[in-house]
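J.: Got a structure here, written out as structure tokens. Questions coming.
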Amino acid sequence: MSATEAVIDIADREEPPLGGFKPAIVRLEVRRLLRNRRTLLFTVLFPVFFFLIFGLNSSYAKNRVGPGNVSAFIMISMALYGAVLATSSGGAMVAVERLAGWSRQLRITPLQPAAYIAIKMVTSLILGLAAVLAVYVVGLLTHKASMPAYLWVVTAAALWIGSLLFAAFGLFVGYLLPSENVMQVIGFALMLFSFGGGLFIPLSQFSHLLREMATYTPLYGLNELVHYPLVQGTFNWTWAANLVAWLVIFTAGAIWRFRKDTART
Amino acid sequence: MRAAEQHVPGIVPTGKPGHRPGEVHPPAAIDLVGVHKRFGSVEAVRGIDLRIGAGEVVAFLGPNGAGKTTTIDMVLGLSDPTEGTVAVFGLDPRDAVRKGLVSAVMQSGGLLKDMTVGETVAYTSFLFVRTRPPAEVMERAGITDIAGRLVGKCSGGEQQRLRFAMALLPDPDLLLLDEPTQGMDVEGRRAFWAAIRQDAKAGRTIVFATHYLEEADAYADRVVLVRKGEVVADGTSAEVKALASGRTVRATLVDADQDALGSIAGVDHVEIRGSSVVVHCSDSDAVARYLLTQTPARDLEVAALGLEEAFVALTGVDGPDPVGGPGSTGGPGSTGRTNPEPDGARR
């Protein structure tokens, strides 16, 4: 560098496109995830484990459901459970990184807050995809789950995309509870939501009152919707209403906290 | 947004093709005009005007709560001033950050424990359009051999060198360091400053806040002392030392005339200790001349206050009030501004 370069040619300096979003960053984030054994255990292995326990029980696994069977029905439920765990923990990572001061560090780089969120979303969708594929591959290999080939693809795609609802949930909770314990809180909340949504036990087994309450919980609508291609029958608009309502609540909450967090004082 | 240009009279915008250095002044690296920062009822910064020219190496000194970090945050665009304007190379601070013109080594935090040193540098490099090669900045920060180590397993000094490597990536024209050597051992500090010094030769503007006063003395061209949100002194470390009631003249003299000594211009305090006399003054030459020509004084010694004493005198709780306190009597300006060339033309 020569002395004449002391005059800074500002025109020479560029701002990155897309607010700094780059696939290379997502690749590094995924590598970080793979290093985190606990996250992998909870999001990828647990749903597979649950499927092996509940999905292969020969007393009901082969019972018919639409063009498929109960085992396929449970496989969809467990894949959804894994996918929402992945996306919500991806959102909640924001909390841990904020605590470490990383968000602040990023603010003295060209990375825009929205691009940072997008990186987290894409990363958690990749983890979610791993969770879904793990359950479906085990479903395929164990030969109990049965439904037409196109439904394997349709249900997997639907629940994977639908799990984005919980990315907003994870972000919201992550911003709300800035602590390392946020993962435990989310794990517990998702367990409750999963019972409420009928992922673990069919809602028909619940008492009337509990069943009525369950229809208002955040996983209910999404769970019914991703099973619909298999179950078929009459479409219930309250499922869609439930999904939209919770999407609005979680997204609004996340945006509200996000704005508060990135506001400059 | 705030148009910074309107506050920098005499500055011709640069960056146009064909612009030749030397014909016009480049915009100041940092230009603070009437900056106030209030947090509720607390006024952390109370009217700072500060202009740091391109290529200057400036130490920002002050006790905790003086407003150093608050000021650095505003220069980085992490917060906005309540009043006044902040410009970095004539730009809004956030634009300067996005263009990689300014980067910083923060005091603590800002690292993820579950990434390796190498990954952290790579991650940061992806955030900018153009950077120096990661291998090069790691070499310059001395962390090449720990590239594969997890950040959580690094010592405080190693983490700080990592932050330095990250800050070097965009090849910034302005580098801000907030207490950069805290938590480092002597060897680490020496290595760190050697790297910074090497770096400053390339023409980079460097502003650092530090509690190690000898570092300010040894590494800065200019020292800006801040107290209670105001600049109390600004100049070379020699000028700042002189400001804090100047020098001490000591001589062996029996029956010294205390009144005569006290009447010499610039004398603050005369102390008689048996057969020796100690005079605190801002004009040691006048006192020495009097002692050597009008009295039989011998063994005369003149000593400057260290920057440490200047720091305590100017920023301590009992220190002089920023505006014309007793300690600054006779100093070259009771507001403490002594720097004759604040635009950094000296480089």
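J.: Ranked from highest to lowest mean number of other Cβ atoms within 10 Å per residue, what is the order of the peptides B:216-225, B:112-121? Kindly include the intermediate steps, with their values, before the conclusion.
T.: Values: B:216-225: 22.3, B:112-121: 20.4.
Peptide ranking by packing, descending: B:216-225, B:112-121.
J.: A further question follows. Translational D (Stokes-Einstein, µm²/s) of the stretch B:247-304 at 37 °C and 0.692 mPa s when Rh comes from the Kirkwood sum over C-alpha pairs? All intermediate terms of the calculation are to be shown ahead of the outcome.
T.: Numbers: Rh = 10.8 Å.
Taking Rh from Cα pairs, D becomes 305 µm²/s.
J.: Which one, A:VAL226, A:VAL94, A:VAL30, has the greatest fluctuation when you compute a Gaussian network model over chain A with C-alpha springs under 10 angstrom?
T.: A:VAL30
J.: What order do you get for B:138-145, B:268-275, A:114-121 when each peptide is scored by the mean count of other beta carbon atoms within 10 Å, highest first?
T.: Values: B:138-145: 18.0, B:268-275: 12.9, A:114-121: 20.0.
The densest-packed peptide leads the list: A:114-121, B:138-145, B:268-275.
J.: What's the angle, to the nearest 10 degrees (0 to 90), between helix A:218-231's Cα axis and the longest principal axis of chain A?
T.: Helix A:218-231 sits at roughly 60 degrees to that axis.
J.: Among A:GLN112, A:GLN205, A:GLN184, determine the one that fluctuates most according to a GNM of chain A built with springs between C-alpha atoms less than 10 Å apart.
T.: Checking each option, the largest mean-square fluctuation is seen for A:GLN205.
J.: On a 0 to 90° scale, report how tilted helix A:182-197 is relative to the longest principal axis of chain A, with both axes built from alpha carbons and the result rounded to the nearest 10.
T.: 30 degrees
J.: Sort the following peptides by mean Cβ neighbour count (other Cβ atoms within 10 Å, averaged over residues), highest first: B:283-291, B:258-266, B:70-78.
T.: Numbers: B:283-291: 18.4, B:258-266: 14.0, B:70-78: 23.8.
Packing proxy ranking, top to bottom: B:70-78, B:283-291, B:258-266.
J.: Let me know the mean shielding of B:207-217 by other chains, meaning the per-residue number of their Cβ atoms within 10 Å of its Cβ.
T.: Numbers: counts 0, 0, 0, 0, 0, 0, 0, 0, 0, 0, 0.
Other-chain Cβ atoms within 10 Å of each residue's Cβ, averaged: 0.
J.: Any lysines with Cα under 29 Å of the A:LYS62 Cα? List them, leaving off those in the same chain fewer than 8 positions away.
T.: A:LYS144
J.: Another one. How much accessible area per residue does the stretch B:95-203 have, in Å², with a 1.4 Å probe? Don't skip to the end; give the middle numbers.
T.: Values: 3990 Å² over 109 residues.
The answer is 37 Å² per residue.
J.: Going down the list B:LYS68/B:LYS99; A:LYS260/B:LYS113; B:LYS37/B:LYS99; A:LYS260/B:LYS68; A:LYS120/A:LYS260, which pairs span over 21 Å between their C-alpha atoms?
T.: Values: B:LYS68/B:LYS99 24 Å; A:LYS260/B:LYS113 26 Å; B:LYS37/B:LYS99 25 Å; A:LYS260/B:LYS68 25 Å; A:LYS120/A:LYS260 19 Å.
Over 21 Å apart, Cα to Cα: B:LYS68/B:LYS99; A:LYS260/B:LYS113; B:LYS37/B:LYS99; A:LYS260/B:LYS68.
J.: Another question, if that's okay. Averaged over peptide B:113-119, how many Cβ atoms belonging to another chain are found within 10 Å of each residue's Cβ?
T.: Per-residue shielding by partner chains comes out at 3.
J.: Just tell me how shielded B:73-85 is by partners: mean number of partner chain Cβ atoms within 10 Å of each residue's Cβ, no decimals. Write out the running numbers ahead of the final one.
T.: Values: counts 4, 1, 0, 3, 3, 5, 3, 3, 0, 1, 0, 0, 0.
Taking the mean over all residues of the peptide, I get 2.
The values are calculated or read from the model by the stated rules, or taken from the named source; none is laboratory data. Only a predicted model underlies this, so the values are computations on that prediction, with no experimental measurement involved. Reconstructed Cβ throughout: ideal geometry from the backbone, glycine too, with neighbour counts over all protein chains shown. With ligands, DNA and RNA removed, areas are computed over all heavy atoms of the protein, side chains included. Shrake-Rupley method; radii C 1.70, N 1.55, O 1.52, S 1.80 Å.
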